Amino acid sequence: MDDIEKAEAGYTAKDIELLSELEGVRKRPGMYIGNTNPSGLHHLVWEIVDNAVDEAVNGYGKKIDVTMYKDGSIEVEDEGRGLPVDMHASGVPAAQLIFTTLHSGGKFNSRVYSTSAGLHGVGATVTNALSEWLQVTVYRQGKIYKVSFKDGGMLDTPFHVDGECPMSWHGTSVRFKPDPKIFPNTKFSYDTIAQRLEEKSYLLTGVKFTLKDQNSGQSLDFHCQNGLRVYCEKLVNG
Ligand code: 28G
């Protein structure tokens, strides 16, 4: 389909712009995640975990859960405010935009400042672009919202209310399956993820991380009250 046909099929100029951003990531994954080896593959997870961590750094949520599923997908859940559920001025739901735009030109959402300043990074779009599918669930103000993507960030199910939850529930869940068309090996490593979560837990005093692997049945909890001192002692003693 060329651009004129897309416009006739109901695509707007904005849709086409988003499409080409996602295509750009798929054409040059190395520019965004370094490589498509296991280290690049795990970048998909770090991008999502970092967003959950940013939300916790901002003071929202004290628990971050990671689950590895038998279908090769992985899920990250936080207990933050939940992604915004409002409509962006462009007419696209804000939560949908977060997974389809790189907005990398802006000084204030630059990756350089992302994690240190507790700002939400641009990484969710990179993970989406390099995934076979990605599903987002938001718990906010008594409602459950969902949006899903397939084939490298193409909208599958538009953002919608999917049910109700207690008013006290709030948070975000992101589950995705890496795209085997991009990664020669799409298998996540429990040990690699465990190590990363352990490191994060020493930097985020008071936040509990859990890791569950439904393939092996293994699971781990990381939470640290004394932060860096304990971590340094562990590294020195080890
Ligand atoms: C579970 C896996 C990954 C996240 C939030 C919460 C907010 C947010 C995330 O906002 C857009 C741009 C700057 C404010 C912020 C919710 C304010 C109010 C949020 C996540 C809006 C991004 N309510 N939780 N993003 N900002 N968790 N976890 O991705 O102006 S991302």
*For Thr172, all conditions in the list (1) in contact (Cβ under 8 Å) with a residue 24 or more places away in the chain; (2) part of a helix (DSSP H, G or I); (3) among the hydroxyl-bearing types (Ser, Thr, Tyr) hold save one; what is the number of the exception?*
(2)
*Among all residue pairs at least 6 apart or on different chains, which show Cβ distances below 7 Å where the first residue, located in region 199-210, is under 15 Å from Trp46 (Cα atoms) and the second is polar (S, T, N, Q) and surrounded by 20 or more Cβ atoms within 10 Å (Cβ to Cβ)?*
Phe209/Ser201
*Any residue in region 17-37 that is polar (S, T, N, Q) and within 16 Å of the ligand (Cβ to nearest atom)?*
no
*Being within 15 Å of the ligand (Cβ to nearest atom), of a type outside the set (A, V, I, L, M, F, W, C) and modelled with pLDDT under 95, is that true of even one residue in region 138-160?*
no
*Return yes when Asn185 is touching a Lys or Arg at 6+ places or on another chain (Cβ under 6 Å), surrounded by fewer than 19 Cβ atoms within 10 Å (Cβ to Cβ), of a type outside the set (A, V, I, L, M) and in a loop (DSSP other than H, G, I, E, B) and no when it is not.*
no
*What residue, of Asp86, Asp78, Asp71, is over 30 Å from Ser168 (Cβ atoms) and at pLDDT 95 or above?*
Asp71
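Quick grid of which residues meet (1) among the β-branched types (Val, Ile, Thr); (2) within 16 Å of the ligand (Cβ to nearest atom):
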{"position": "Phe176", "(1), (2)": "no, yes"}
{"position": "Pro184", "(1), (2)": "no, no"}
{"position": "Ile193", "(1), (2)": "yes, yes"}
{"position": "Lys208", "(1), (2)": "no, yes"}
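The values are calculated or read from the model by the stated rules, or taken from the named source; none is laboratory data. Just so you know, these numbers come straight off a predicted model, no measurement behind them. Positions of Cβ are generated from backbone atoms using ideal geometry, with glycine treated the same way; all protein chains shown enter the neighbour counts.
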